[in-house]
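Right, one structure below, let's go through it.
The values are calculated or read from the model by the stated rules, or taken from the named source; none is laboratory data. Since this is a predicted model, take the numbers as computed values, not measurements. Note that we place each Cβ from the backbone using ideal geometry, even for glycine, and neighbour counts take in every protein chain shown.
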Amino acid sequence: MEIIKPDRQDEKQRIEAAGGSVTNRNGWRVQGVLATSRSLGDHYLKPYVTPVPEVTVVKHSDSDEFLIIATDGLFNVVCNEVACELVKQCLTSGHNSRQAGASVAATLLAELAIANGSKDNISVIIVQLN
């Protein structure tokens, strides 16, 4: 999993080719403002910031339990390992259902991001695979 950041070489080249700039102001930012180079919304930064996602197809195995789909508001302040461990605990901790465990996990991840100092918007979805 990789958050698409404006300092990634291919993203920086795409932004600059569109006439934009990538500067380091408390982190790399498009036009000195936005810390991500792909976004839904942020229309004022079009054409530098695109809503077109980067898509990767990955074959999952039977041992894969879940996906965490979340914004950079979570992953900028919570590492992958901590997020995965929290979700595993919620899914196996005896909630009324695995669905309830996934809902609790999403809520706890958002709360953890806030506790860790995230000032960004935070959206979290847990997708159970088995």
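Data table
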item: Extreme residue, surrounded by the fewest Cβ atoms within 10 Å (Cβ to Cβ), among residues of the range 28-57 that are among the aromatic types (Phe, Trp, Tyr) and over 17 Å from the mean Cα position of the chain (by Cα); result: Tyr44
item: Any pair with Cβ under 9 angstrom, 6 or more apart, that starts in the range 11-31 at a residue that is in the same structural domain as Pro53 (by TED's automatic domain parsing) and ends at one that is assigned to a helix (DSSP H, G or I) and among the basic types (Lys, Arg); result: Gly20/Arg14; Val22/Lys12; Trp28/Lys12
item: Only one of Val77, Val104, Val82 that is modelled with pLDDT of 90 or more, under 19 Å from the mean Cα position of the chain (by Cα) and over 25 Å from Thr36 (Cα atoms); result: Val104
item: Within the range 1-23, considering residues that are in a helix (DSSP H, G or I) and surrounded by 14 or more Cβ atoms within 10 Å (Cβ to Cβ), the one nearest to the chain's Cα centre (by Cα); result: Glu11
item: Selection from the range 1-21 of residues that are among the β-branched types (Val, Ile, Thr) and at pLDDT 95 or above; result: Ile15
item: Contacts under 8 angstrom Cβ, first residue in the range 112-130 being modelled with pLDDT under 95, partner among the hydroxyl-bearing types (Ser, Thr, Tyr), 6 or more apart; result: Asp120/Thr71; Asn121/Thr71
item: Failed condition for Ser61, given (1) among the polar types (S, T, N, Q); (2) surrounded by 13 or more Cβ atoms within 10 Å (Cβ to Cβ); (3) not in a helix (DSSP H, G or I); result: (2)
item: Some residue of the range 90-108 being hydroxyl-bearing (Ser, Thr, Tyr) and part of a helix (DSSP H, G or I); result: yes
item: Matching residues, the range 77-99, being surrounded by fewer than 13 Cβ atoms within 10 Å (Cβ to Cβ) and either in contact with a Pro (Cβ under 8 Å, 6 or more places away or on another chain) or without any contact (Cβ under 8 Å) to a residue 12 or more places away in the chain (or both); result: Cys79, Glu81, Glu85, Thr92, Ser93, Gly94, Asn96, Ser97
item: Test result for Pro47, outside the structural domain of Ala102 (by TED's automatic domain parsing), closer than 28 Å to Leu108 by Cα, out of contact with any helix residue (DSSP H, G or I) (no Cβ under 6 Å at 6 or more places or on another chain) and not in a strand (DSSP E or B); result: no
